[in-house]
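Comments concern the structure below.
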Amino acid sequence: MKALIIGHGKQAAEYSKVLINNKIKIEGICGRNPKVYNFAKNLNINNIYLNISEALNNCQYDFVLVLITWTEIEKEIKKIIEFSKKVIFVEKPISLSKKKLKFFSQISKKKNKNVFILYNRRYFKTINFLKNKIKREKKIHFNLNISDQKKLLVTKYGKNMNKYMKYFMTSHWIDILIYIFGNFKYEIKSIDKKFTSLIIYNNKAYGVVNFFIDAKDRINGSFYFKNDTLKLDTLEYLYKVNKFKKSKKKYLYKKKLLINEYKTSPFKPGLNYLVKDIKKIFKRKKSKMPRIKDLNQLYSILEKIKL
């Protein structure tokens, strides 16, 4: 298999290591400035391009991996869909509004191009452990507290981040919930200026997801099963609660670490399994990866959330 990578930043560096480990050749690399030549030299990539259309037309590849910055994806994806000769894999977010998502989806359908979105959290062992455990339960309750670092992101990307942050950051968490629970019924409540609550309910689960602004922790939560309780402290660590204890009107608990994502792979968490899934797609096997047409519920929720 041969890949054409569009982009040469941190994401491209991470993916490149995993592609090579999975015996996928990086046939070409495309960037917007001369730094792409140093990137290509370090990885022995012979075909180097500064123009996206030229790369898509002239390079011989089996798939395109779009790893440009989130601020640029929406600007370039129309061209990539139109000119690509093969299947396309795009880092999120593919668009910064539901209207644009529909527009890109229509283009991919018209051009008969498969476009997949790289939500790598779907490949975390923590998430798949929870998903499989939920399948075996009749009903579970859960709560999640998720924080987006608004002040930090506004400082880094400018005031436009106020409008687009949820597509760049929050989409990860909602995609995980859709992956775990499927298409679910929900309500959205704005509690105050600081956070929004997403209430999820279906035959398998009932839970509340609170989206905070500039809280200390990125994500933590509890999943209450019939016989045990699991704690998610960030997405990389999953614990089993062994014992609850009440002390000074507070509940304390002892917990045992079940999964540490950083100890399961030498690569960035989830990426090795994601690339293996890319190989499955070419063998026409069942994939965890969402296509552009699968994002309607995700974007419907994002449009309503206030951050």
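The values are calculated or read from the model by the stated rules, or taken from the named source; none is laboratory data. These figures come from a predicted structure and were not determined experimentally. With ideal geometry, Cβ positions are generated from the backbone for all residues, glycine too; neighbour counts draw on all protein chains shown.
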Got at least one residue in the stretch 25-33 being under 26 Å from Gly158 (Cβ atoms) and under 19 Å from the mean Cα position of the chain (by Cα)? no
Return yes or no: is Leu177 hydrophobic (A, V, I, L, M, F, W, C), modelled with pLDDT of 90 or more and in contact with a Phe, Trp or Tyr (Cβ under 7 Å, 6 or more places away or on another chain)? no
Being under 18 Å from the mean Cα position of the chain (by Cα), closer than 19 Å to Asn114 by Cα and surrounded by fewer than 19 Cβ atoms within 10 Å (Cβ to Cβ): is that true of Arg291 here? yes
How about the stretch 25-42: which of its residues are loosely packed, with under 15 Cβ neighbours inside 10 Å, touching a Leu at 6+ places or on another chain (Cβ under 9 Å) and not in a strand (DSSP E or B)? Asn33, Pro34
Residue that is nearest to the chain's Cα centre (by Cα) [pool: residues in the stretch 140-173 that are assigned to a strand (DSSP E or B) and of a type in the set (S, T, N, Q)]: Ser147
State yes or no: is Tyr186 buried (at least 20 other Cβ atoms within 10 Å of the Cβ) and more than 23 Å from Val241 (Cα to Cα)? no
Filter result for Ile127 (aliphatic (A, V, I, L, M), surrounded by 14 or more Cβ atoms within 10 Å (Cβ to Cβ) and under 30 Å from Val18 (Cβ atoms)): yes
From the list Asn202, Asn210, Asn183, pick out the single residue that is among the polar types (S, T, N, Q), under 17 Å from Lys304 (Cα atoms) and touching a helix residue (DSSP H, G or I) at 6+ places or on another chain (Cβ under 8 Å). Asn183
Tell me, please, whether a residue that is more than 20 Å from the chain's Cα centre (by Cα) and more than 28 Å from Asn160 (Cβ to Cβ) can be found in the stretch 71-79. no
